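Asks: Here's a structure for you.
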Amino acid sequence: MSVPLTLLGLLEREPSHGYDLKRDYDAFFGRGKPLPFGQVYSTLSRLARDGKVVISDVAPGSGPDRKRYIITDVGATEVEQWLTQPVEPEPHLQTVLFAKVVLALMLDRPAGEYLDTQRSAHLRRMRELTEVKRAGSLVDALLADHGLYHLEADLRWIEMTGARLDALRKEVRP
Amino acid sequence: MIRFGLRLAVAGGREALTRLIVIAAAVAIGSGLLLTTLAGVNAVNAQLTRYASMYPQASAGNADPLWWSTRFDYFHGKQIIRIDVAATGPDAPTPIGIPRTPGAGEYYASPALRDLLAAHPADQLGDRYPGRDLGTVGPAALTSPDTLLVIAGGAPDQVAKLPAAKQVASVGDTPALPETTVNLILGVIAGGLLFPVLIFIGTATRLSAARREQRFAAMRLAGATPRQISTVAAVEATAAAVAGTAVGFGLFYAFRDPLADIPFTGMPFFPSDMSLGLLDVLLVALGVPAGAAVAAQVSLHRVRISPLGVTRRVTPRAPRPYRLIPALLGVAVLVFAIGFKPETSDGQAAVFLPGLLLIMAGLVLAGPWLTMVGARVLARYANRPATLIAARRLADNPKAGFRAISGIMLALFVTSVAVGVITTIIANRGPAPVGSTEAGQVSLYLPEDAPAAPDTLFTGLRSISGVRSATAVRENPDRMNASEPGLIACTEIPRAYGRCAEGAAVAEVATGLIPFRESASSARVWPAASVPLGDLQQLPVMSIVVDTDGSAAAIERSRTVLEAAFPTFWVGPNVPGDFESDFADTLRGWEQLANVVIIASLALGGCSLAVSVIGGLTERRRPFSLLRLSGAPVRVLRRVVALESAVPMLAVAAVAIGMGLLAAHLFLRAQMHYTLVAPEPRFYVIVVVGLATCLGVIASTMPLLERITGPETARSE
Amino acid sequence: MGPSGSGKSTLLHCLAGILVPDSGEILFDGARVDAMAETERSSLRRDRFGFVFQFGQLVPELTAVENVALPLLLSGVRRTRALSKAGAWFERLGLDGLEQRRSGELSGGQAQRVALARGLVAEPQVLFADEPTGALDSLTGEQVMDLLVSAAREQGTTVILVTHEPRIAAYADREVMVRDGRVNAPDRIAS
């Protein structure tokens, strides 16, 4: 799960305070594991250092919450690339996939296409594993099966999500 | 559970209601036919009984006896039954159908005869019954509304001298034939008629069984026990059958009068004779619904309905060859009867009828085995997929394949026997062709004690317009050596009947101037007789032959004159073929009945077949529709259906007709020493029409075949 | 591949000349399948295509070997030749000894292998398979797929397969996604 890219993605909706970012992250992606404030600010400062975000008007007073962060073109490009490119088809991807889908919806990007791309990548991998299985030994076949079943589970999830994108969009973009 | 079943049947949605109505309609038609058949059997029985009561047995009792003599007379080729009666005292019984016994010079006539009397001049008909017309003979004495019957009164001493005169102490219905014989005959007829109807009702109650079974499976899934399912099935079938039977009764009474008018037996029935006994009513009213319930149970037995669906029970056990035994036994009985012919007609009936019943039962029993053997042979050598599929299905379940056609088999067997016997008898004893010399000849065979024939009689006869000659044939005293029983002077032989041998003055001739079973011929040469011409006048007159131009008026006038001259005639003066044509008319009536049975049973058989075709298609809709998707042309499937239904039907029809004609031949050989004459083309036409109807009904399932095996079926599942 | 109701079977039926599409063209061997008459399409299906369906395509009255021989018989091959050709498939698909069984006496996997043999026995150019493993458990399904792929490769038959199962789709060299009646995944050729 990529926290920096997720935060960048959240910032692409609108310039936000660190506190807003943490709240939204926890609401959609935290699921019982809230992001510590420290991590939010360290990540944001790293992003600022790399030129992916800039700090806009600093409000009077003290504390980190006075700063509003704005995504730069560099940051936006990185989010774009991340979203369009399929994740390496490996098991246990759903958190990343999920983050990508939600962000894509928030950003009004074609989430369905991302899912399609991801499905093709998964299928390609499954085809490779199926070839391994057909050609190789039993041990190879069993290992390939393990991968195949997990990929299949991901694919099912992709299908389900794909079928419910509209409902999800309403949920994440009130 | 019963109420639940009823609710399901009546209020189970449009599909359930449609099914209910279709089954009820089929049962209505079936039970209507069943009632018609039963009533028809009753009507035939009533006809036979009344016919028999015209020939009462001599009997003695406390009452004064009634003199009774029954004779035949003819008019326009139709038979008139003439009964002469004379009461010997005030206590003498009164004949059925009239209010009192007519006295001398009085008579009663049946309505049909009264019409004839009114429509024709007295010198052609009315003068045969001199005296007072007392009124109408009531239906109680008539076999049919068309019966020509006259009951004439006479003085006791006159009537006592009439042929076959007997004294009867009681009148009334006496059974025509021994009851067992009647029952056996009716058994054969009813078997041929009833079986197709019963099969049809049975199949009707199993309409759309497949859908129903699926629904039962769903009910099992919802927790119904097999017992409850069978109750529901029975209730549904019974409800439809009760409704159908009720409508069937309505149909029967609505169509009874027009049906009675059809001369199935050569003469129409009285509608009131087409009646139902209490037993018949109970049999149909209770039997059909009960039968439907049983049929529903039986059909449920053939499938196993589990909560998860319907499975056909595994391939039923193959029929065994022992099923052939009764049919072979039946043929053996008939063959045996040729060698050993019982003396009495009852004894003959006792051999033949059980033989026929054995063959009938044997055919039904042997059918599945024959179907299986035929199908197996076909399957072994089949090259076409349709043949293979159809043959395999028939071989797998020959009983199911045969059930629908067993009715056809029986009906065709019975009718072929009847038609074979009838055509042969008609061919051997048919009436004379119109326009021949015979058709214009009236001859009277004089009774032994007849008064001498005066010359005035002959001049009177010759003066009738249209009469060409009137000739007396005298008795040949040389009975031992003579080739013919009659004698005639050579000069008196009318030219149309031949001439004398060279140089003879007196010739030996046949009674009617026509040798037995031959035709009149002007080229015939009669042999010379040993009696000298001078002695001829002393010999008694044996018969009088009147040759006319064949016109009805001339014939009937001559007949009336002859009857008046010889009131004690045995059989009315007749035209050759009068007797035969009357007999043949009756037989033709039976033939007509046979034709009706053929077409009806084939049409019904077609319906039964259509039902089983639909069942077979529903069972296999998926493999068939997938075959079509794979490019099998729909004609392959059509061929499967045709081979599964039409081919066994045609084969069975051929076997039944063959067996029927064989049985007829054996019967004719043994009883009459006739050889079977091939039925007229008309019979084949009727059979072909019947078969075409049957095939038409089967063909009507073809659109259904295309629909239920269309791509939509495969796609929607 | 695609979810149920997405229209993949309809697409297959269009490709196989069972249905005629409302719009668009279907080309096979340079000929417009959609423009052919029904009889022409039927003979195309019978002579150059093979079919495997999810279940229930075996004619219950016929033995397994006769079911396999059915396409040959339908094209007019003599019975003895058709049966011996069909019999050869039984060993190949591991069905020895089941030749005389009826469809009711076969397990699902066996029946499906018989169906496969029937689809391939006439050496079709294209085999259309509509959820051929849909009624089987995964292991049996994979066995059937293995046999299908090897037999088709050996014979040079193109297989067009409809499935909603990714693992079955993974046997294909190329997949087409169908959703809501639209083909909406880009073609990817793996090898």
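Asks: If you take every DSSP beta bridge whose two residues both sit in the stretch B:66-168, what share of them, in percent to the nearest 5, is antiparallel?
Replies: In the stretch B:66-168, approximately 65 percent of DSSP beta bridges are antiparallel ones.
Asks: Taking the alpha-carbon distance from B:LYS78 and a cut-off under 17 Å, which aspartates and glutamates remain once sequence neighbours fewer than 8 residues away in the same chain are dropped?
Replies: Once the sequence-local aspartates and glutamates are set aside, what remains near B:LYS78 is B:ASP115, B:ASP146, B:GLU438, B:GLU556, B:GLU563, B:ASP578, B:GLU580, B:ASP582, B:ASP585.
Asks: Moving to a separate point now. Could you please put B:ILE338, B:ILE151 in sequence from largest to smallest accessible area, using a 1.4 Å probe?
Replies: Details: B:ILE338 70, B:ILE151 5 Å².
From most exposed to least exposed: B:ILE338, B:ILE151.
Asks: Add -39500 (n - 2.57) for each DSSP H run of 4 or more in chain A, then divide by its residues: what number comes out at 222 nm, to the nearest 500 deg cm²/dmol? The partial results should precede the final answer.
Replies: Details: 8 runs with 116 residues, N = 174.
Estimated from H runs of four or more residues: -21500 deg cm²/dmol.
Asks: Pop the C-beta distance of B:ALA222 and C:SER4 into the FRET formula with R0 = 25 Å and round what comes out to the nearest 0.05.
Replies: Using R0 = 25 Å, I get an efficiency of 0.45.
Asks: Over the protein assembly as shown, what percent of the accessible surface lies on carbon and sulfur atoms, probe 1.4 Å?
Replies: 59
Asks: Which of the residues in the stretch A:133-162 show a loss of at least 40 Å² in accessible area from their chain by itself to the complete set of protein chains, at a probe of 1.4 Å?
Replies: Listed by number, the residues meeting the 40 Å² cut-off are A:LYS133, A:ARG134, A:TYR149, A:GLU152, A:GLU159.
Asks: Taking a ≥ b ≥ c as the square roots of the Cα gyration tensor eigenvalues, with a/c under 1.5 meaning rounded and otherwise prolate when a/b beats b/c, else oblate, which class fits chain C? Provide the component values of the computation, followed by the final result.
Replies: On the way: a/c = 1.91, a/b = 1.32, b/c = 1.45.
Note, shape of chain C comes out oblate.
Asks: Name the residue farthest towards the positive end of the dipole of the protein assembly as shown from the options C:LEU19, B:SER530, B:LEU329, assuming +1 on Cβ of Lys and Arg, -1 on Cβ of Asp and Glu, about the Cα centre.
Replies: Selected residue: C:LEU19.
Asks: Give the accessible area for B:TRP369 in Å² (nearest 10); use a 1.4 Å probe, count only protein heavy atoms, and leave out ligands, DNA and RNA.
Replies: Counting only protein heavy atoms, the figure is 50 Å².
Asks: What are the ³J(HN,Hα) couplings of the stretch B:232-245, residue after residue, when phi is run through the Karplus curve with 6.51, -1.76, 1.60 and θ = phi - 60°? Round to Hz, x for glycine and proline.
Replies: My calculation for the stretch B:232-245 gives 4, 4, 5, 4, 4, 5, 5, 4, 5, 5, 5, 4, x, 5 Hz in order.
Asks: Provide A:HIS146, A:HIS17 ordered by accessible surface of protein heavy atoms (probe 1.4 Å), highest first.
Replies: Sorted by accessible area, descending: A:HIS146, A:HIS17.
Asks: Spelling out what I want: for every residue of the stretch A:158-164, take phi, set θ = phi - 60°, compute 6.51 cos²θ - 1.76 cosθ + 1.60 (Karplus), and round to whole Hz; glycine and proline get x.
Replies: 4, 4, 4, 4, x, 6, 10
Asks: Right, another one. Excluding ligands, DNA and RNA, what is the accessible area buried between chains C and A, summed over both sides, using a 1.4 Å probe, to the nearest 100 Å²?
Replies: Values: alone 10280 and 9860 Å², together 18420 Å².
Using a 1.4 Å probe on protein heavy atoms, the buried area is about 1700 Å².
Asks: List the residues whose amide H sits under 5 Å from the amide H of C:VAL52, counting only those 5 or more places along or on another chain, with H placed 1.01 Å from N in the peptide plane.
Replies: Placed amide hydrogens put C:PHE128, C:ALA129, C:ASP130 under 5 Å from C:VAL52.
Asks: Between B:ARG384 and B:ARG132, what length comes free when the chain is fully extended (0.36 nm per residue of separation minus the Cα-Cα distance, one decimal in nm)?
Replies: That works out to 82.6 nm of additional length.
Asks: If you don't mind, there's one more thing I want to ask. A drop of at least 20 square angstrom in accessible area, chain alone versus all protein chains together, probe 1.4 Å. Which residues of the stretch B:600-628 meet that?
Replies: Going by heavy-atom accessible area, the residues of the stretch B:600-628 that drop by at least 20 Å² are B:ARG620, B:ARG622, B:PRO623, B:LEU626, B:LEU627.
Asks: Same structure again: Put one equal scatterer on each alpha carbon of the stretch B:438-576, apply the Debye formula with no solvent term, and list log10 I(q)/I(0) at q = 0.09, 0.11, 0.17 1/Å to two decimals.
Replies: The computed values of log10 I(q)/I(0) come out as -0.24, -0.36, -0.89.
Asks: Considering only protein heavy atoms, what is the solvent-accessible area of B:SER275 at a probe of 1.4 Å, reported in Å² to the nearest 10?
Replies: Accessible area, nearest 10 Å²: 50 Å².
Asks: Multiplying the sequence separation of B:ASP549 and B:ARG499 by 0.36 nm and subtracting their Cα-Cα distance, what value in nm do you get?
Replies: 16.0 nm
Asks: Under the classification rounded if a/c is under 1.5, otherwise prolate if a/b is larger than b/c and oblate if not, where does the stretch A:3-82 fall, given a ≥ b ≥ c as square roots of the Cα gyration tensor eigenvalues? All intermediate terms of the calculation are to be shown ahead of the outcome.
Replies: Values: a/c = 1.72, a/b = 1.01, b/c = 1.70.
In terms of gyration-tensor shape, oblate.
Asks: Sequence gap at least 6, Cα distance under 8 Å: using those rules, report the relative contact order of chain C to the nearest whole percent.
Replies: Reported relative contact order: 28 percent.
Asks: Testing the spin-label approximation: label points 7 Å from Cα along Cα→Cβ at B:ALA104 and B:GLN57. State their distance in nm.
Replies: In this crude spin-label approximation the distance works out to 3.2 nm.
Asks: Out of residues 5 or more away from B:LEU148 or on other chains, whose amide H comes under 5 Å of its own, with H placed 1.01 Å from N in the peptide plane?
Replies: The list, which skips near neighbours in sequence, is B:ILE81.
Asks: Please arrange C:ARG45, B:ARG635, C:ARG102 by accessible surface area, largest first, computed with a 1.4 Å probe and ligands excluded. Intermediate results must be reported in sequence, preceding the final value.
Replies: On the way: C:ARG45 10, B:ARG635 135, C:ARG102 50 Å².
My answer, sorted largest first, is B:ARG635, C:ARG102, C:ARG45.
Asks: Ok, one more. Buried by at least 10 Å² relative to the chain on its own: which residues of the stretch C:44-58 qualify, computing accessible area with a 1.4 Å probe on protein heavy atoms?
Replies: Listed in order, they are C:ARG45, C:ARG46, C:PHE51, C:PHE53, C:PHE55, C:GLY56, C:GLN57.
Asks: For the stretch A:143-148, just list the computed ³J(HN,Hα) in residue order, Karplus coefficients 6.51, -1.76 and 1.60, θ = phi - 60°, integers in Hz, with x standing in for Gly and Pro.
Replies: Those phi angles translate into 4, 4, 4, 4, x, 4 Hz.
Asks: Given the whole protein assembly as supplied and a 1.4 Å probe, what does the accessible area of B:ARG215 come to in Å², nearest 10?
Replies: Result for B:ARG215: roughly 60 Å² accessible.
Asks: Quick check: from the Cα gyration tensor, does the stretch B:66-168 come out rounded (a/c under 1.5), prolate or oblate? Walk me through the numbers before you get to the answer.
Replies: Values: a/c = 1.70, a/b = 1.50, b/c = 1.14.
The shape class here is prolate.
Asks: Counting only protein heavy atoms and rolling a 1.4 Å probe, how much accessible area do C and B lose on contact, total for both sides, in Å² to 100?
Replies: 2400
Asks: Please flag any cysteine in the protein assembly as shown that has no other cysteine's Cβ under 4.7 angstrom from its own Cβ.
Replies: B:CYS607, B:CYS694, C:CYS14
Asks: Something else now. R0 = 56 Å: FRET efficiency of A:ALA135 with B:TYR322, Cβ-based, nearest 0.05?
Replies: Details: r = 62 Å, r/R0 = 1.11.
Efficiency at R0 = 56 Å is approximately 0.35.
Asks: Please calculate how many Å² of accessible area the protein assembly as shown carries per residue, with a 1.4 Å probe and no DNA, RNA or ligand atoms counted.
Replies: So the protein assembly as shown comes to 45 Å² accessible per residue, rounded to a whole number.
Asks: As a quick test, which of the pairs A:LYS67/A:LYS170; A:LYS100/A:LYS170; A:LYS133/C:LYS8; C:LYS8/C:LYS85; A:LYS52/A:LYS100 have an alpha carbon distance above 21 angstrom in this structure?
Replies: Too far apart for the 21 Å limit: A:LYS67/A:LYS170; A:LYS133/C:LYS8; C:LYS8/C:LYS85.
The values are calculated or read from the model by the stated rules, or taken from the named source; none is laboratory data. Keep in mind it's a predicted model, so treat the numbers as computed, not measured. As a convention, Cβ positions derive from the backbone with ideal geometry for all residues, glycine included, and neighbour counts pool all protein chains shown. SASA here: full protein model, heavy atoms, side chains in, ligands and nucleic acids out. Shrake-Rupley method; radii C 1.70, N 1.55, O 1.52, S 1.80 Å.
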